[in-house]
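Only one structure is covered here, and it is reproduced in the block below.
The values are calculated or read from the model by the stated rules, or taken from the named source; none is laboratory data. Note that the structure is predicted; figures quoted are calculated from it, not measured. Cβ placement follows ideal geometry from the backbone for every residue including glycine, while neighbour counts extend to all protein chains displayed. Quick note on the areas: whole protein, heavy atoms, side chains included, nothing else; ligands and nucleic acids left out. Shrake-Rupley method; radii C 1.70, N 1.55, O 1.52, S 1.80 Å.
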Amino acid sequence: MLCCDNNDKKIPYMQNRELSWLKFNQRCMWQAKDPANPLLERLRFLSIFTSNLDEFFMVRVGSLIDMLPLGSRYRDDKTGQTAQEQLDEIYEIVRNLYQERDGIYRDLENELRKNGVSRLQYEELTVSEQEYVENYFSNAILPMLSPMLIDAQHPFPHLRNKGIEICVRLRREGSEKDCFAMLPVPASLPAVVYLPGANVRYIGMEDLLLELVDVVFDTYTVVEKIQISVTRNADIHAEDEDCEKNEDFRKVMQKLLKDRRRLAPLRLEITSKPSPILYDFLKERLLLTDSQIFYTSGPLCMEYAYELDKRMNQKQKEHMLFSSYAPKMSGDIRPKESMFNQIKERDRLLSFPYESIKPFLRLLDEAANDPDVVSIQITIYRLAGKSKLVKSLCQAAENGKKVTVLIELRARFDEQNNIDWSKEFEKSGCTIMYGMPNYKVHSKICLITRKEKGQLVRYTQVGTGNYNEKTSKLYTDLSLMTANPEIGEDAAMFFRNMGIGNLKGSYQKLLIAPKELKPKVLEKIQEETEKGAQGYLFFKLNSLTDKDIIRALRDASCAGVRVEMMVRGICCLVPGIPGETENIEVRSIVGRYLEHSRIYIFGKEEDCEMYIASADFMTRNTQRRVEIACPVLDSEIRRRILEIKELQWSDDLKSMALQPSGEYIPSPENGKMNSQEEQMLLAAEACRKEKKLQEKSREKKNLWKRIVSYVQRVG
């Protein structure tokens, strides 16, 4: 669909989502050169940039390549670009990003070496170290290798997605004709080989194999050798007809996961420039164009950055890592009192990763063992590899509770994990649902129904992030727990509708996509638009791409409404365009924790309507997913969320501002406030205050006991 208004002109205040995403990933990379971040953490940010780019090619570039046969019949609905025009821009930008990444990597490696952490090439090893790695190669690595010759009798092999291969050009003795071969670096081998000694010295596994590949092909002369990695299209999805043909949706997903491993190559990464002969051979066999081949001098995979600290001494860790932080117990939660009693008293909010997920897990654990609990219903999108939540749900089912788990098997790159968990739930007697045809269930909601004094009382938890104990320590998310009867009734209706495949239900308090969330958001934006300069809108999102919402925000700006947005990633709205979006300001925070919470605020301060939500303002969320936004009604929780908003808006260390040019301006060098660090301090202070109150309470109880004991003695 061509991106045009009624006057047949391109929309001046919108930008392409793919190019906007690349700018987000560049902001991640910039954290790797920020001297305010510890040295090893900077290397990890570079690893995040690299893995982000891998996924971008697998999914977004793969999707555009699938659109190429449509030619000009497919156009981006915001810029009017064809798929080819978008790909041409992407490839050019990515080449520049590779150069920037390689420069940052070289600088980081130099700094790391000064601090006793060295990634070395073979020629840099001492004689004794070379002897060590050669012995290790012969004894532990060589038996694991599967070299593959490529000639008339040996066809070109399947190269696994994002695997690292040593590609060689060979010549037999007495022959003038070259042949080619591949040596895959086995995924089962460690990423690096550590060298003996006190310092952290190591060589990459692929670098070691590149050096010793002659040993593997010892009957040939190795004429040329390079490291390569192929990225494959992973943009797969389950079709409705597949679901209807198969009685178990898990079998459909298992097949799709198998298919993903064999999808077409769409990028080739090479660590050194090959000869024209080898270049043409790879290009022809992989069916790639010149624009799909990229050079990088850095490692093709950087996951090893997360293991280096295990080899460091304490002084190195203190210098090169963020200071350790464990999520605190919320100052709003009494640790020894029933969660049911506390939630019934008033709503409770957890703010991750500053506060611990444990109170919610304790709620589930109480529910699993409480004889008055009738049922537990929950939606699951992503779970940790080890999950206490799963244990509680299974325990509840084994205790005779009615436990219903709506688990989304199409959570991208987490499909296998969810398939495995679905089997675990079934073993314990849970009722399993797999979501809705054509719509991913991305909502985060848990409903516990309890019988109290002959009446059914509902306790509802709604969150902005997944029920994942691991990411609750890494992502900023909000988790609201409430006994509000209207929200509870909506939650019960939601699960009933999911059970019968009804996406058209209406609700009192909750905003549910795909039917009601977007229309209600547009309606509330319009209400603020009608207030003119007295109107106010604030949104904290991961991404903004929905064209209708962008237009509504532009109209609000034109009416004089002040619009403030914290958009971490993709933002297709360009702020500050005179006569269009001049009253809109967009900022992005990329820091120690992944900003993941979604907050919608319509109106100013105390009079505002406030929601937390699972949904970004992306078309996929508003129209093709089942999402939930929940109103925040408790005055104290509203105050806390407004405080979070103000902290983030005041951030002048990690915040970047989106400009009318589409570029981001980094924080000023003299900035003083890091909102994430400030929230860590506030959570720690709230925890300390609660502990002091508990200590005083215990002292009063002990004093009273002593008084009673004394009175009884003197009688």
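If you line up the Cα atoms of region 315-439 on their principal axes, what length do they span on each, largest first, in Å?
That works out to 49, 39, 26 Å along the principal axes.
Please work out the FRET efficiency for the pair ARG624 and SER128, using the Cβ-Cβ distance as r and a Förster radius of 51 Å; give the result to the nearest 0.05.
It comes out at approximately 0.30.
For CYS558 paired with SER146, estimate the spin-label separation in nm (one decimal), with each label point 7 Å from Cα along the Cα-to-Cβ line.
Each label point is offset 7 Å from its Cα along the Cβ direction, giving 6.1 nm.
Taking Rh as the Kirkwood radius, which is the inverse of the mean 1/r over Cα pairs, what is the Rg/Rh value for region 454-561?
1.04
Take every Cα pair under 8 Å in region 588-715 that's 6+ residues apart, average their separations, divide by the length, and report that relative contact order as a whole percent.
17 percent
How big is the accessible area of LEU474 in square angstrom, nearest 10, if you roll a 1.4 angstrom probe over the protein chains?
80 Å²
Determine which lysines satisfy two conditions relative to LYS177: a Cα distance under 26 Å, and not lying fewer than 8 residues away in the same chain.
Cα-Cα hits under 26 Å: LYS225, LYS273, LYS283.
For the chain, what does the relative contact order come out to in percent, with C-alpha contacts under 8 Å and a separation of six or more?
Relative contact order of the chain: 11 percent.
Can you tell me which lysines have their Cα less than 28 Å from the Cα of LYS114? Leave out same-chain residues fewer than eight positions away.
Within reach: LYS33, LYS310, LYS315, LYS317, LYS654.
Based on the Cβ-Cβ distance from LYS691 to ASN399, what FRET efficiency comes out when R0 is 30 Å, to the nearest 0.05?
The computed FRET efficiency comes out at 0.35.
Quick check: at a probe of 1.4 Å, how many percent of the accessible area of region 265-358 sits on carbon and sulfur atoms?
52 percent
Could you work out the equivalent-ellipsoid semi-axes for region 582-665, taking the square root of 5 times each eigenvalue of the Cα gyration tensor, largest first, in whole Å?
The three semi-axes for region 582-665 are 23, 19, 13 Å.
Considering the options ALA552, GLN84, CYS608, tell which one lies farthest towards the positive end of the dipole of the chain, charges being +1 on Lys and Arg and -1 on Asp and Glu at the Cβ, about the Cα centre.
With unit charges placed on the Cβ atoms, the residue in question is CYS608.
Taking all protein chains in place and a 1.4 Å probe, what share, in percent, of the accessible surface of region 617-715 do carbon and sulfur account for?
Carbon-and-sulfur percentage of accessible area, whole number: 54.
Among DSSP bridges having both ends in the chain, what percentage is antiparallel? Round to the nearest 5.
70 percent
Report relative contact order for region 296-364 in percent, whole number only (criteria: Cα-Cα under 8 Å, sequence separation at least 6).
31 percent
Order of 539-548, 311-320, 652-661, 682-691 by packing, highest average Cβ count within 10 Å first?
The peptides rank, most packed first, as 539-548, 652-661, 682-691, 311-320.
For ARG496, ARG201, what's the largest-to-smallest order of accessible area, 1.4 Å probe?
Result of the area sort, largest leading: ARG496, ARG201.
Report the label-to-label distance for GLU92 and LYS177 in nanometres (one decimal), using points 7 Å from each Cα along the Cα→Cβ vector.
The answer from the label model is 4.4 nm.
Work out the length of the dipole vector of the chain about its Cα centre, built from +1 on the beta-carbon of each Lys and Arg and -1 on the beta-carbon of each Asp and Glu, and round it to the nearest 20 debye.
With only Lys, Arg, Asp and Glu charged at Cβ, the dipole is about 2880 debye.
Compare the Cα positions of GLN15, GLY116, LEU349 along the charge dipole of the chain (+1 at Cβ of Lys, Arg; -1 at Cβ of Asp, Glu; about the Cα centre) and return the one farthest towards the positive end.
Going by the Cα projections, it comes out as LEU349.
Could you compute how fast region 539-609 diffuses translationally, taking Rh as the Kirkwood radius over C-alpha pairs and applying Stokes-Einstein at 4 °C with viscosity 1.567 mPa s? Give it in µm² per second.
102 µm²/s
Round to the nearest 0.05 the FRET efficiency obtained for SER506 and GLU424 when R0 = 45 Å and r is the Cβ-Cβ distance.
Working from the Cβ atoms, E equals 0.85.
Find how much the distance from GLN455 to GLU109 grows on full extension, using 0.36 nm per residue of separation minus their present alpha carbon separation; answer in nm with one decimal.
Taking GLN455 through GLU109 to full extension adds about 118.1 nm, to one decimal.
Cross-link list LYS444/LYS504; LYS451/LYS701; LYS386/LYS444: which exceed 26 angstrom alpha carbon to alpha carbon?
Result: LYS451/LYS701 exceed 26 Å.
Jot down the radius of gyration and Dmax of region 618-658, Cα atoms only, both in angstrom.
14.8, 36
Quick one: pull the percent of accessible area on region 91-192 belonging to carbon and sulfur, 1.4 Å probe, ligands and nucleic acids left out.
Carbon-and-sulfur percentage of accessible area, whole number: 48.
Distance cut-off 26 Å, Cα to Cα: go down the list LYS23/LYS531; LYS78/LYS515; LYS391/LYS520; LYS344/LYS401; LYS358/LYS705 and report the pairs above it.
LYS23/LYS531; LYS391/LYS520; LYS358/LYS705
Taking a temperature of 20 °C and a viscosity of 1.002 mPa s, what whole-number D in µm²/s does Stokes-Einstein yield for the chain with Rh from Kirkwood over alpha carbon pairs?
In µm²/s, the coefficient is 76.
State the three equivalent ellipsoid semi-axes of region 110-162, derived from the C-alpha gyration tensor as the square roots of 5 times its eigenvalues, in descending order and whole Å.
Working through the eigenvalues yields semi-axes of 33, 17, 10 Å.
Could you give the accessible area per residue of the chain, probe 1.4 Å, as a whole number in Å²?
Dividing the accessible area of the chain by its residue count gives 45 Å².
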